[in-house]
Amino acid sequence: MAKKTLKDDLVRDQRRAANKTIRTVARNIMNGLADAGPEWSGDFKNSWASYSVSNGQMGTGTYPYKLADVPDLPVTAREMARKTRIIIENTAPHAAVAMDLEPGEFIYPGFEPQGDVVFRGVRRDSGIRGDIDKGGGGNRSTAPLDWYTTYARGGKITKAVQKGIRVVTKEANQGRFTEM
Amino acid sequence: MNYQGIRAKFESPLLSAYNSLSPSVPVYFDNVFATGKEADDEFIFVNIQFGVTTEATLTTSSNYVQGVVVVRAYAKKGVGPARSQALINTAFTTLQTINATGKPGSGIYVRTGSIDGPSFGTGSTDQESRLAFTPYFISRIETDFTAQVIS
């Protein structure tokens, strides 16, 4: 067996740091999406999950998501070379409706929303969750229309990535890097 | 920051494009009282949202606004996708024209990212579902944008 060298150790540490950065970014994005999205019963907000493309291991949790809610990633050269390491998705059955991507059916569940109401009025025939017009109706929305598209494509996701990189780099620079 | 000016960069051309169709198609924007919508056989709904205004790590300029434009075209349900596709195509060509406009010496300069879609949805056709009563076939495109205010 080949003798382990200092270089091997350094490479391994670098890969661990890269993996932690990816996991930190994933956690930030899950929390960002949970923050930005609607919250009536909390089902949708607590259904963000991430899974490792390498082995399919899924990490779940509840808001606020922690680093431990994101699966560990392998440090082999093959896995490090993957373009996609982690996939984030919402596992709620009504996720596409909550993200304003599909029309939905809205029935009062018998209890008030946990999240702040951002709009109240009449939900129009479009059936889109956030498409509520002014008026005397009792329909309420707890996130603005197209909140998901705004988060994903409006620059906020880039901020979450930058913050994740900054946090782990700072830890490493200060010599207090840990894997968790 | 001239948010209204940035909005106008998208809203004005879209409004003109749909007004110039024959017959013209009503366009509704954010925060416009639009209870007449349901009376229309077809209409367009444009949603512009701002995501980030400053990018301090890249530049000291705060004139770097990012956001998204989502255009939904509502057409009659049950008559095939052709009309819905024609309506959403007007939005697509308008956004492409905006993107091809040169950078001005002053004023507002916008550039869009990739245009995603169109995606189509009718909701459910299940007679027991309230969605079955939605009278529209909806197509949707979205794009992100960055905007600069040049003075």
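The values are calculated or read from the model by the stated rules, or taken from the named source; none is laboratory data. Predicted, not measured: the structure shown is a model, and the values here were computed from it. Positions of Cβ are backbone-derived with ideal geometry, glycine not excepted, and every protein chain shown enters the neighbour counts.
Before moving on, here are some points about what is shown:
- In summary, strands (runs of 3 or more DSSP E) completely within the stretch A:74-180 and bearing 1 or more residues that are polar (S, T, N, Q) and buried (at least 16 other Cβ atoms within 10 Å of the Cβ) occur at A:86-90, A:139-141.
- Long-range neighbours under 9 Å by Cβ, at least six apart or interchain, first residue within 16 Å of residue B:28 (Cα to Cα) and modelled with pLDDT under 75 within the stretch A:115-128, second part of a loop (DSSP other than H, G, I, E, B) and of a type in the set (Ser, Thr, Tyr): A:125/B:134; A:126/B:134
- A single entry from A:127, A:121, A:155 fulfils the requirement of being in contact with a Pro (Cβ under 6 Å, 6 or more places away or on another chain) and not polar (S, T, N, Q): A:127.
- Within the stretch B:16-68, being modelled with pLDDT of 80 or more, in a helix (DSSP H, G or I) and under 21 Å from residue B:136 (Cα atoms) holds for B:18, B:19.
- Restricting A:55, A:28 to those that are surrounded by fewer than 16 Cβ atoms within 10 Å (Cβ to Cβ), at negative phi and of a type in the set (S, T, N, Q) reduces the list to A:55.
- Qualifying residue in the stretch B:85-94 (condition: surrounded by fewer than 18 Cβ atoms within 10 Å (Cβ to Cβ), β-branched (Val, Ile, Thr) and modelled with pLDDT under 90): no
- Taken over the stretch A:82-139, the criterion of being touching an Asp or Glu at 6+ places or on another chain (Cβ under 8 Å), of a type in the set (Lys, Arg) and within 14 Å of another protein chain (Cβ to nearest Cβ) is satisfied by A:123, A:124, A:129.
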